[in-house]
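What follows is one structure encoded as structure tokens, with my remarks underneath.
The values are calculated or read from the model by the stated rules, or taken from the named source; none is laboratory data. Note that the coordinates shown come from a computational prediction; the quantities given were computed from them, not determined experimentally. Ideal geometry is used to build each Cβ from the backbone, glycine not excepted, and the neighbour counts take in all protein chains shown.
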Amino acid sequence: MFGKNFQKKYALTDKGLTNARKGAFWTVIVNLTMMAGMGILYFMMQGYINTLTKDDGLPNTGLFMGAVAVFVILSFVTHLEQYRTTYGLVYDEVKDVRLSLAERLRKLPLGYFGKRDLADLTETVMGDVNRLEHVWSHCLGYLYGAYISTAVIAVMLFFYDWRMTLACLWGVPVAFLLLFGSRKSSKRNSEKLKADAVAVSDNIQESIENIREIRATNREEEYLERLYKKIDKHEKTNIHGELVTGLFVNAASVIMRLGVATTILTGAYLVLNDGMDFMMMFMFLMVITRVYAPFDQSLALIAEMFISEVSANRLNEIYDTPTAEGKEEFKPDGHDITFENVCFAYDDHDVLNGVSFTAKEGEVTALVGPSGSGKSTCARLAARLWDIGKGKIKVGGVDISTVDPEVLLTDYSMVFQDVVLFDDTVMENIRLGKHGASDEEVLAAAKAANCDEFVSKLPEGYKTPIGENGAKLSGGERQRISIARALLKDAPIVLLDEATASLDVENETKVQGALSRLLAGKTVLVIAHRMRTVEAADKIVVLKDGKVAEQGTPKELYGNENGIFRRMADLQSANAAWSV
């Protein structure tokens, strides 16, 4: 019952599976203890009736009082332990699950995040875990414990009277068969409800992120109307799901409660026909109140268990996605980056096909080419942010696919087009480049990246909070902070993807000068569309349609009158002259 399939079905960790077993065990003990209380009451009533009808002596009141005292103590202890195992341990488990999810997401290749949007992942980490938390704490222990205790009680009652036992318990399996018959319908509705919820979150997130563009184009009403429709659809799906679930749950509850009627009718028939005495019928009536009690909460929540399987599948999808693994040590012979017949595809779309080149240590290697030719993809593959499909990428002779990505990235500094900043101060955003860096080191890197100019105008200088993702800064200012991070890290390999794209000509010249001085001796891979950015490069690799079309020094490539590089350089020069 509590095997690997059960564990996967409800997305339980090994610790969570153990907790579920404990919760079910103590639920069984609680139910049997409460049934023992019914037994004490039965024997007490039987004793007093015998005194009245058979002139027996008074029952041993002290014995009964002692039994009641033991029952009260056992009831308190077992209920306390049941609460601890079904609630206390589960709340700790939820914390561990969220941490394990975060750890798992941290180790997944970036290609995975390209297939899942932020709202969907947020819904999994927060919404799905919340739903499963309720199932783990309120359903699993109670329901499976009720299964076991009811089976034990049924066996015991059979020894007293099998006819009354059937009259009492027939409704339990029928009610649960009815509920399990609604399982597919509940899961379908849950999947639809989850999709609608993610659509609403996506729309809200999109509206907030693009609020300036929406207002600038006077499209507020259009976006709000779209959001209202998605919210209405989500609400209708929710109402429909709860209505269907409610019908099944209430029908199951009614069927189960019919057992009371059949118990009374069967008992009355047997008493009238001398098939049993009244006290035996009274015992079964007491028992039936306790048999149904454990299912009262479970019946209301069993539909939630069915729905939770959708949430569990979403968690398992994250757990089942292969992580980027590798050795915990990285000892390259130098830091040359070598691409050997590298192929890569996004899903079924080929991006790189047989790319081979070497970016040598101590040199600046520039990747240029038309948009969509694979330049940025090469930079990300070089840092193993994604894993390649075929071929090899080596750093200092070491195949990077054999090295743990976190270990590998200690030798990389990166500045990409999409700058990511945190809602913290300028100082702390730069310090991310090197854990534990002193203020002096941070300021030196900031100065080298030409950050002083705009930071000096901020209210609190380098201690000024910059808002979510640097919302209080311009694009060029955000990019200079990103460059300062890379300079602070001072790694032997530097990847620059359009690092100066957001800077004006004057600041670009200053930053280029800083990069030239501070990146001397490192392996530098630069990606740029503007030819003036790569004028000082030692080597240029021209990509077209996912293949290496040309490679050589800027002078060599420009000398090829029919070459792609020559055509790009002349085109940009002509445009620059025309714009002047």
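Worth a mention:
- Residue that is surrounded by the fewest Cβ atoms within 10 Å (Cβ to Cβ), among those in the range 207-246 that are of a type in the set (Gly, Ala, Ser) and touching a helix residue (DSSP H, G or I) at 6+ places or on another chain (Cβ under 6 Å): Ser207
- Residues in the range 96-115 that are assigned to a helix (DSSP H, G or I) and over 27 Å from Thr18 (Cα atoms): 6 in all.
- Subset of the range 71-115 that is of a type in the set (Ser, Thr, Tyr) and touching a residue at least 12 places away in the same chain (Cβ under 8 Å) - its residue that is surrounded by the most Cβ atoms within 10 Å (Cβ to Cβ): Thr86
- Single match in Ser373, Ser308 (criterion: among the polar types (S, T, N, Q), in a loop (DSSP other than H, G, I, E, B) and crowded, with 19+ Cβ neighbours inside 10 Å): Ser373
Rundown of residues vs (1) under 31 Å from the mean Cα position of the chain (by Cα); (2) in contact (Cβ under 8 Å) with a residue 12 or more places away in the chain; (3) more than 30 Å from Asp117 (Cβ to Cβ), yes/no style:
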site: Tyr319; (1), (2), (3): yes, yes, no
site: Glu325; (1), (2), (3): yes, yes, no
site: Lys331; (1), (2), (3): no, yes, yes
site: His335; (1), (2), (3): no, yes, yes
site: Asn353; (1), (2), (3): no, yes, no
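- Residue in the range 189-196 that is touching a strand residue (DSSP E or B) at 6+ places or on another chain (Cβ under 9 Å), modelled with pLDDT under 80, part of a helix (DSSP H, G or I) and not assigned by TED's automatic domain parsing to the domain that holds Val407 present: no
- Those helices (runs of 4 or more DSSP H) of the range 116-165 in which at least 3 residues are of a type in the set (Ser, Thr, Tyr) and crowded, with 18+ Cβ neighbours inside 10 Å, considering only elements entirely within it, cover 141-160.
- From Gly546, Gly563, residue being within 19 Å of Val355 (Cβ to Cβ), of a type outside the set (Ser, Thr, Tyr) and modelled with pLDDT of 85 or more: Gly546
- Some residue of the range 431-442 being closer than 29 Å to Lys394 by Cα, at pLDDT below 85 and surrounded by fewer than 15 Cβ atoms within 10 Å (Cβ to Cβ): yes
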